[in-house]
Each structure stands twice: as C-alpha cells, then as structure tokens.
Amino acid sequence: MSDGDSMNFCLSDLVPPLRWSDAARIGTLDRPGLPDAWWRTLPLHRVLAVADADALAELLTVLALEHWPAAAVGDVLPALHVLDPDEADDPQVAIALDRAGSWHGLLALSGRELADQPFVKARPVLAALFSAVFARMADSAETASETTSETTRKGEVSGSLPDEPEPGPADPPEVIPELIPELIDAAFADLDDQTWMVAQNRVFTDDPSAPEQLARLLAVPPEVLADAEAALRGRIAQWLASPEAAPYNEHLARLTAALGVAVPKARLVAAADWHGRELRSLEVPAWRFVLATLPDHRLSGDWLVAGDVEDLRERTRALITAAERPPTVSQALELVRSLGVRPDAAREWLDSVPQLRAQRVPRGRGLKDVSLTRRCFRQPDGRWWLRVDVSGDHLGGGEVMLPTGFAAYVGLTPGDTRTVQSAAGDIGLSWHTRPSLGSLRRILTEVSAEEGSHIFLTLSEEGLLRVRHLPAAGGDEMRRALRLVGYTAPGGTPEQAARVIATRVGLAGPAGRPEILARLRERGDRDLLTLLG
C-alpha cells in the first residue's frame with residue numbers, strides 16, 4: 001500500500017472517541033473551508049491541505065480536555081503508540097514523561113490525570129503529542145503526492161502513461177461500517193422461534209442456560225435443542241465464509257488486531273458505533289454477535305481474553321515476581337505489554353490480577369547508577385541513552401568504552417560477554433576489565449559521522465542496539481549544551497532549556513540553576529558545566 005493509499009481515512013478513523021461523541025454538541029469541530037461532518041467524510045490528506053498539523057492538534061487538544069477528560073491520551077489518538085518519541089521532542093513533553101516514568105505510562109494518563117500532575121501543563125503537552133502524529137502524516141501525504149506527480153511527469157515526457165492493471169472482476173460495492181448490522185440482520189432474519197430462543201439463551205449471552213432447563217421451558221427433548229444450537233453455529237460459520245460477510249470479516253480482523261490478548265469488555269462494546277445497536281433479527285446488541293464470532297477471544301467476567309484467562313494471569317504473576325527487584329508500576333506495565341496486552345489496557349489488567357502487588361519504589365532507585373552517570377541522559381522515549389563523542393579511534397574501528405552505570409542499566413554484569421543486534425549487524429557487548437561495546441565503524445560510516453560529532457546509544461526492550469547520530473552543534477553555549485543532552489528542537493527560552501536539561505539528567509519537578517549545576521558536578525559532566533557555568 002502506498003503512502004497515498006494509507007491516507008484514505010478520516011479523522012474519526014484515527015480518533016475513536018469521535019465515533020461515539022455527539023458531534024452536535026461539539027461546536028469546536030466546525031472549521032472554515034471544511035464541509036459539514038468533515039471528520040467522518042473527508043480523507044485526512046484533504047483536511048491537512050486546509051488545516052495544518054498544528055491546527056488539527058489544537059482542535060484535538062480542546063476536545064480531549066473539554067469533552068473526553070477521562071479518556072487516556074493513547075485512546076484519544078492510538079497512533080501515538082507507534083510514534084517515535086523523538087518526534088515529540090518538546091520541553092513540556094519531557095517534563096510530563098518524567099512524571100509518568102515511560103512513554104507508555106504517559107499515554108495511559110487521561111487528560112484530567114495529566115492536568116493533575118505537578119509541574120505539568122496538559123494543554124501544551126497534548127498539543128505537542130498530537131501535532132507530532134499529524135506532522136508525520138502530512139509529510140507522508142506530501143511525499144506520496146510528489147511521487148505521483150513525478151510518475152505522471154515521466155509518463156508525459158516519454159509519451160506513455162504508467163501501466164494500468166488488467167481489467168478484472170468488479171469489486172463488491174463498499175459497505176459503510178454503520179451498515180454492517182443490516183448485513184447481519186439480512187442473514188438471520190428468518191430464524192424460527194426455537195432457534196431464536198437458542199440464540200438468545202445459549203449463543204449470544206454471558207450466562208448460557210443449561211440445555212435441560214431450556215428444554216423443559218420449550219417442552220422438547222434436550223437433544224432437539226442441541227441439534228438446533230449446532231445448526232445455528234454452523235449457519236453462522238457458513239455465513240462468515242460467504243462473500244456477503246467480507247465487510248464484517250474485515251472489521252473482525254481489524255478488531256482482533258486492536259484488542260491484544262486481554263481487554264476490558266467495555267472496550268469491545270465501544271470499539272465501533274454500531275456495536276451498541278440492537279440486531280433486529282436476534283434482538284441482542286451487535287457487540288454480542290461480534291463476541292460470539294471472534295476467533296480466539298473469550299469473555300471471562302469483565303475481561304475479553306485470547307486463550308485461557310487463568311493461564312494469562314499466572315504468566316503475568318510469574319513475569320512480575322521473577323524480576324530481580326520489585327518493579328515500579330511503569331516497569332510492571334512494560335512487562336505486561338510483553339505478554340501482548342495493549343498499552344491502553346495494561347494498567348487495568350495489572351490491577352485485575354489477584355495476588356499481585358507491583359510495589360512502587362522511590363523514584364530513581366532502580367536507575368540510580370545511570371542517572372548519576374556521566375554522559376547518560378533520559379530521552380523522550382523514557383529510556384536512558386549514553387552519549388559517545390566520536391573520536392578518530394571510533395571511526396577507525398576501535399571499541400566504545402561504556403561507563404559502569406550505563407552497562408548495569410542495559411543488563412551487563414562483570415564477566416558478561418554477549419552479542420546484540422543492530423541495524424548494521426551483530427555487535428559484541430562485554431564487561432571484563434571494563435565494560436565495552438564492539439566496533440561501530442560501519443554504523444558511523446553509514447551516518448557520515450565525523451570526529452567531534454555525537455552518537456547516542458541504548459538497548460531497546462527487545463535487546464536491539466539503537467543508535468542516533470547528531471552532528472556537533474555550533475552557536476551559543478546554550479544551544480551546544482542542549483545538543484550534548486540530545487535535544488535538537490529549535491528556539492526556546494533559557495528557562496525552557498534549563499527544564500530540558502534538568503529532565504534529561506533525572507531531576508524531578510522544577511529545578512533551578514543551582515540544582516542543575518550540582519547534579520552535573522555529581523555526575524562529572526564537565527563539558528556541560530563549562531557551557532552552563
């Protein structure tokens with residue numbers, strides 16, 4: 001699929017709360033130059049041609065704070081979960097990230113919770129987050145447009161047009177998602193009374209009636225009802241395999257991917273506007289039909305789980321209790337995500353597991369060594385990155401010496417030797433006389449690094465070596481100091497710069513110049529002290 005094709009969706013496709021909100025009560029949505037109900041009808045690339053990324057972000061910020069204050073930030077705009085946090089490199093986001101503890105912890109906060117965080121200004125944080133997503137989409141749309149124009153131009157020059165596909169069978173007419181209930185009703189409108197009772201009491205219910213009880217009620221042998229239930233389930237399966245059910249199956253596939261391995265039942269009910277509508281043919285809410293046709297998920301209490309719920313709970317308990325030290329809540333949420341629980345459901349799942357106590361520890365206890373380690377900085381993704389100032393030895397293929405605090409942070413212990421994967425292949429990581437990383441020559445060559453430039457290193461949750469290259473900064477002392485902590489956004493005041501540096505060296509809350517300088521002296525960051533002193 002091309003970038004242009006991927007933009008063929010509306011704002012309400014990106015922002016689930018828009019699907020169930022009463023637009024008549026949200027006057028904010030009215031925009032000059034855009035038609036009525038544009039958020040449901042106009043492809044996003046056409047919206048971005050009228051309202052830029054910042055304008056859309058401001059609109060969504062107002063909606064999130066004034067109309068959906070209880071919705072998690074990541075639920076308002078789920079695309080944030082796949083955004084590279086570096087793209088939201090903003091001082092206010094950095095402060096909020098420090099309070100939340102991790103990127104996914106930040107996205108799990110609601111607008112109201114974000115506003116309640118000390119020293120956090122919710123409005124600019126949300127505006128920066130939303131703008132980063134829309135800016136990426138605007139770039140994708142522009143790139144696709146340029147590619148299409150170039151292809152057309154080349155065709156005109158050569159006197160030919162791009163190849164067209166051979167005519168094939170006509171595609172079935174597109175079905176609007178809101179009309180899917182009509183598809184279902186058309187397939188099951190002719191149920192007899194006995195089969196309808198089976199549907200009501202055995203197939204589409206949280207509490208199925210015992211066959212014997214239902215048989216007595218209908219005055220038929222239990223075997224008759226068993227046959228009727230088998231026939232109904234077979235009919236459902238046959239319909240799902242038919243061409244008429246293609247739009248429903250597409251919805252089911254998207255939904256399955258979005259649910260993860262565990263999600264509260266309420267999320268299923270609210271996953272689409274039409275899920276709450278009653279199916280006339282079955283006289284049950286549409287979400288119950290969806291639940292009965294999900295391939296892997298089953299309802300257990302208030303949770304929809306893929307597989308056995310007790311097995312998932314046991315694996316969750318084992319994962320948390322096997323940690324070397326009691327995890328913080330944010331660390332526990334990261335562990336839960338590794339099981340396949342979506343970030344927006346991880347906190348609720350963690351709270352739902354009996355006999356599990358993820359204890360909070362004082363801020364910095366687990367990261368104390370790295371937060372006090374020279375040249376280590378917490379970046380917008382919530383992880384600590386080591387800055388390596390590129391030398392001639394590095395460019396020639398020499399090893400990269402690692403501070404012990406950073407080595408411990410990435411899980412290396414004295415005597416260890418292991419290999420980590422990177423974009424340039426496997427690289428050795430060891431701690432013998434002192435911790436070190438193998439040659440980065442290939443990576444440095446690929447990014448055109450020069451002596452005096454900087455690379456920032458960390459290991460991802462999956463153990464992959466991530467490398468970010470920044471050329472050396474010129475200009476005034478403040479700009480050069482910000483570059484040394486990995487900050488590249490232009491402009492800003494000295495107060496904003498101080499907040500960025502304070503956050504990146506692990507200081508919580510508003511820190512003044514004396515506190516920042518004291519922390520830098522404690523860590524041994526003499527280059528930063530020289531620039532700021």
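The values are calculated or read from the model by the stated rules, or taken from the named source; none is laboratory data. Quick caveat: nothing in here was measured; it's all calculated off a predicted structure. Don't worry about glycine lacking a Cβ; one is built from the backbone with ideal geometry, like all the others, and counts go over all protein chains shown. To get the accessible areas, we keep the full protein, side chains included, count just its heavy atoms, and leave off ligands, DNA and RNA. Shrake-Rupley method; radii C 1.70, N 1.55, O 1.52, S 1.80 Å.
Each Lys and Arg Cβ is given +1 and each Asp and Glu Cβ -1; about its Cα centre, the stretch 435-533 then shows a dipole of about 80 debye. Note on the stretch 454-491 and the stretch 61-115: Cα centroid distance 23 Å, given to the nearest whole angstrom.
Across the accessible surface of the stretch 230-317, with the other protein chains kept in place and a 1.4 Å probe, carbon and sulfur atoms take up 53 percent. Accessible area per residue (1.4 Å probe, heavy atoms of protein chains only) ranks 133, 224 as 224, 133, with the largest value leading. The label-point distance for residue 34 and residue 253, in a model that sets each label 7 Å from Cα toward Cβ, rounds to 3.0 nm.
A cut-off of 5 Å between modelled amide H atoms, ignoring neighbours fewer than 5 places along the same chain, links residue 304 with 263, 265. Please grab the % of Cα pairs in the stretch 255-348 that end up more than 18 Å from each other. Tail of the P(r) past 18 Å holds 49 percent of the pairs.
Report the calculated FRET efficiency for residue 191 and residue 311 (r = Cβ-Cβ distance, R0 = 25 Å), to the nearest 0.05. For residue 191 and residue 311, the calculated efficiency is 0.10. Taking θ as phi - 60° and the Karplus parameters 6.51, -1.76 and 1.60, the scalar couplings of the stretch 409-426 work out to 4, 8, x, 8, 10, x, x, 6, 9, 8, 10, 10, 8, 9, 5, 10, x, 6 Hz in sequence order, x denoting glycine and proline. Residues in the stretch 252-257 carry Karplus couplings, in order, of 5, 5, 5, 5, 4, 5 Hz; the curve used is 6.51 cos²θ - 1.76 cosθ + 1.60 with θ = phi - 60°, and Gly or Pro positions show x. Computed on the Cα atoms alone, the convex hull of the stretch 207-287 gives a volume of 134 cubic angstrom per residue.
The simple Förster model, with R0 at 41 Å and r as the Cβ-Cβ distance, assigns residue 446 and residue 521 a FRET efficiency of 0.70.
With the highest mean first, a sort of the peptides 62-74, 409-421 on other beta-carbon atoms found within 10 angstrom per residue produces 62-74, 409-421.
Remark: the stretch 423-533 carries 50 Å² of accessible area per residue (probe radius 1.4 Å; ligands, DNA and RNA excluded). Rolling a 1.4 Å probe over the protein heavy atoms gives the stretch 60-120 an accessible area of 31 Å² per residue. Residues 45, 454, ordered by accessible area of protein heavy atoms at a 1.4 angstrom probe radius and largest first, appear as 45, 454.
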